[in-house]
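Please find one structure pasted underneath; my questions will follow.
The values are calculated or read from the model by the stated rules, or taken from the named source; none is laboratory data. Everything quoted here is computed from the prediction, not taken from an experiment. A quick note on method: Cβ atoms are made from the backbone with ideal geometry, for glycine too, and the neighbour counts reach across all protein chains shown. Side chains are part of the model used for accessible areas, which takes the heavy atoms of the whole protein and leaves out ligands, DNA and RNA. Shrake-Rupley method; radii C 1.70, N 1.55, O 1.52, S 1.80 Å.
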Amino acid sequence: MPSWVTSASSRSWMKSVGHLVVLSSLCCFISGYSDRDRVRDLMSKYPLIDGHNDLALQLRKLHNNRLSQIDLHNVSNVATDINRLQAGHVQTQMFAVYVMCWAQEKDAVRLALEQIDVVRRMCTEYQDFELVTSTQEIKHSEMKRKIACLISLEGGHSIDSSLPALRMFYQLGVRSMALTHTCNTPWAESSSKLYNVYQRQNNSLTNFGKAVVVEMNRLGMIVDLSHTSWETASAALNHSMAPVIFSHSSSYSICNHERNVPDWLLKELKKKQGLIMVNLHSKFISCTDEANISHVADHFDHIKKVIGAESIGVGGDYEGAVSFPRGLEDVSKYPALILELLKRNWTESELADVLRRNFLRVFEGVERVRDQLNSTGPSEVQIPVEEVQNPCRLVLRPPDTRDHPDRSRSSRAWQEPKGLLMLSIVLLLSSLHMIQ
């Protein structure tokens, strides 16, 4: 066939396609069914599961966790409340239980328990919310038109290097844990160099850290790699039997911030059938304090190109960051992001995956591994004392009696009454004070 015939055929085909696009747009205009209507219908059918929100942190900072002082339908000075979650078609919200890193080696466990308490309270005291702990419960909440609340623990320092503590957090409803925040733990390495603690060489996930991952697999708790170093993330990916997530991270190729994920690690994530939930914080989107929706969509486009739409979700990080892109200032704005992706020729099926189906697949995979490990008992692995280096950590051990056989008896005779003696002195002084 002559080249001029082929060229003419191509031009004719392109012209026909152009006519179809114009005709389609004209039909939409005539019928009144716009792209915004498509987004509304799509998000009504596949409402969003958001991987990360720090509302609990703001409730502590602004209101000292006194829920009686506020109405969660309309909360000022934050980007998240019930009305805006509903406007943004958010059906499931992973609420982060975050404790500052400087509480490590102090009262991180207590603070985490208090944050779990406030999340459980807000998700049980308000009828619009429902506390959930499984994929089945997420689906039931959707049918009841509730906003499902999942609890995640943001930072492994909150378990104080204790597998029993990890299990107790699970019993309280925690279904995901980030191995680190901005500080290293004795067993895992952070992407941040903000705190000079627990520095190690070539040991980004210790033997105890691997035991944490395995116990999370056994429990059915999602391993979250946001905030970890790339080396820790890679080690955890290799060691985990279940899919893992980055609950609020973006693409390093688009913005070279250490909190983002490089392409080689994205490919490892895909092999594990895991999920990266794109963070909307401007610093992680444009590497500056200024960003827009187009910049956010660039991250989605790039990650899709590298590992496919089936590995992407949304983890907004609202309340945990100070600046967000123009047009995405709060949780009600999510439809604007979906509209931008729709304009970039993302299919409705791909967007349904991003909005909801990908997270459910991953969580179901975690639950499947849990069921497979049902006959495995709780791990009794303990972290070596020398790895913790915590002066506030009580080490229970019997006294050394090798040199003095009688020391054990005398030591106990001193140690046990000592507390009673101090109590007696306090009571005596109190009595004297009352007499006076």
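Which one of these is over 20 Å from residue 182 (Cα atoms), of a type in the set (Gly, Ala, Ser) and either in contact with a Gly (Cβ under 9 Å, 6 or more places away or on another chain) or surrounded by fewer than 22 Cβ atoms within 10 Å (Cβ to Cβ) (or both): 249, 234, 240?
Just a single option satisfies the conditions, and that option is 240.
Ok, one more. Identify the residue in region 321-341 that is open to solvent by 20 Å² or more (accessible area, probe 1.4 Å) and touching a Leu at 6+ places or on another chain (Cβ under 7 Å) and, among all such residues, is nearest to residue 35 (Cα to Cα).
336
Identify, by number, the condition in (1) open to solvent by 70 Å² or more (accessible area, probe 1.4 Å); (2) modelled with pLDDT of 80 or more; (3) within 30 Å of residue 197 (Cβ to Cβ); (4) part of a loop (DSSP other than H, G, I, E, B) that residue 386 doesn't meet.
Among (1) open to solvent by 70 Å² or more (accessible area, probe 1.4 Å); (2) modelled with pLDDT of 80 or more; (3) within 30 Å of residue 197 (Cβ to Cβ); (4) part of a loop (DSSP other than H, G, I, E, B), residue 386 violates only (4).
Give just the number: which of (1) surrounded by fewer than 16 Cβ atoms within 10 Å (Cβ to Cβ); (2) part of a helix (DSSP H, G or I) does residue 391 not satisfy?
Condition (2) is where residue 391 drops out.
Please determine whether any residue of region 173-196 is outside any loop (DSSP other than H, G, I, E, B), touching a residue at least 24 places away in the same chain (Cβ under 8 Å) and either out of contact with any strand residue (DSSP E or B) (no Cβ under 9 Å at 6 or more places or on another chain) or open to solvent by 10 Å² or more (accessible area, probe 1.4 Å) (or both). Write out each step before concluding.
We begin by selecting, within region 173-196, every residue outside any loop (DSSP other than H, G, I, E, B); these are 174-178, 188, 190.
Within this subset, residues satisfying the condition of being touching a residue at least 24 places away in the same chain (Cβ under 8 Å) are 174-178, 188, 190.
Next cut, either out of contact with any strand residue (DSSP E or B) (no Cβ under 9 Å at 6 or more places or on another chain) or open to solvent by 10 Å² or more (accessible area, probe 1.4 Å) (or both) only: 175.
Yes, there is a match, as at least one residue in region 173-196 is outside any loop (DSSP other than H, G, I, E, B), touching a residue at least 24 places away in the same chain (Cβ under 8 Å) and either out of contact with any strand residue (DSSP E or B) (no Cβ under 9 Å at 6 or more places or on another chain) or open to solvent by 10 Å² or more (accessible area, probe 1.4 Å) (or both).
What residue, among those in region 278-312 that are farther than 23 Å from residue 358 by Cβ and of a type in the set (Ser, Thr, Tyr), is least open to solvent (accessible area, probe 1.4 Å)?
Step by step, filter region 278-312, then rank; the result is 282.
While we're here: Looking at region 199-211, which of its residues are assigned to a loop (DSSP other than H, G, I, E, B) and open to solvent by 70 Å² or more (accessible area, probe 1.4 Å)? Write out each step before concluding.
Let us first name the residues in region 199-211 that are assigned to a loop (DSSP other than H, G, I, E, B), namely 199-204, 206.
Across region 199-211, the qualifying residues are 199, 201, 202.
Moving on. Looking only at residues in region 290-344 that are without any contact (Cβ under 8 Å) to a residue 60 or more places away in the chain and either assigned to a strand (DSSP E or B) or of a type in the set (S, T, N, Q) (or both), which one is nearest to residue 48 (Cα to Cα)?
Applying the filter and picking the extreme gives 312.
Taking residue 355 and the conditions (1) in contact with a helix residue (DSSP H, G or I) (Cβ under 9 Å, 6 or more places away or on another chain); (2) assigned to a helix (DSSP H, G or I); (3) open to solvent by less than 30 Å² (accessible area, probe 1.4 Å); (4) more than 21 Å from residue 80 (Cα to Cα), which numbered condition does it fall short on, given that it satisfies the others?
Answer for residue 355: the failing condition is (4).
With the structure loaded, tell me whether residue 369 is surrounded by 15 or more Cβ atoms within 10 Å (Cβ to Cβ), in contact with a helix residue (DSSP H, G or I) (Cβ under 6 Å, 6 or more places away or on another chain), modelled with pLDDT of 95 or more and part of a helix (DSSP H, G or I) or whether it fails that test.
Judged against the criteria, residue 369 is a match.
Now, a different point. Among the residues of region 186-227, write down those that are aromatic (Phe, Trp, Tyr) and under 17 Å from residue 382 (Cα atoms).
187, 208 - these are the residues of region 186-227 that are aromatic (Phe, Trp, Tyr) and under 17 Å from residue 382 (Cα atoms).
Looking at 202, 256, which one is modelled with pLDDT under 95, out of contact with any Asp or Glu (no Cβ under 6 Å at 6 or more places or on another chain) and not acidic (Asp, Glu)?
202
Quick one: which residue in 375, 379, 410 is farther than 30 Å from residue 294 by Cβ, small (Gly, Ala, Ser) and at pLDDT below 95?
410
Could you tell me whether any residue of region 212-222 is more than 20 Å from residue 361 (Cβ to Cβ), open to solvent by 10 Å² or more (accessible area, probe 1.4 Å) and assigned to a loop (DSSP other than H, G, I, E, B)?
No, region 212-222 contains no residue that is more than 20 Å from residue 361 (Cβ to Cβ), open to solvent by 10 Å² or more (accessible area, probe 1.4 Å) and assigned to a loop (DSSP other than H, G, I, E, B).
Of the numbered conditions (1) among the charged types (D, E, K, R); (2) in contact with a strand residue (DSSP E or B) (Cβ under 6 Å, 6 or more places away or on another chain); (3) open to solvent by 20 Å² or more (accessible area, probe 1.4 Å), residue 317 satisfies every one except a single condition; which is it?
If we test residue 317 against (1) among the charged types (D, E, K, R); (2) in contact with a strand residue (DSSP E or B) (Cβ under 6 Å, 6 or more places away or on another chain); (3) open to solvent by 20 Å² or more (accessible area, probe 1.4 Å), just (3) comes out false.
Same structure again: Does residue 345 satisfy being of a type in the set (S, T, N, Q), more than 30 Å from residue 164 (Cα to Cα) and either at pLDDT below 95 or open to solvent by 100 Å² or more (accessible area, probe 1.4 Å) (or both)?
So residue 345 fits the description; yes.
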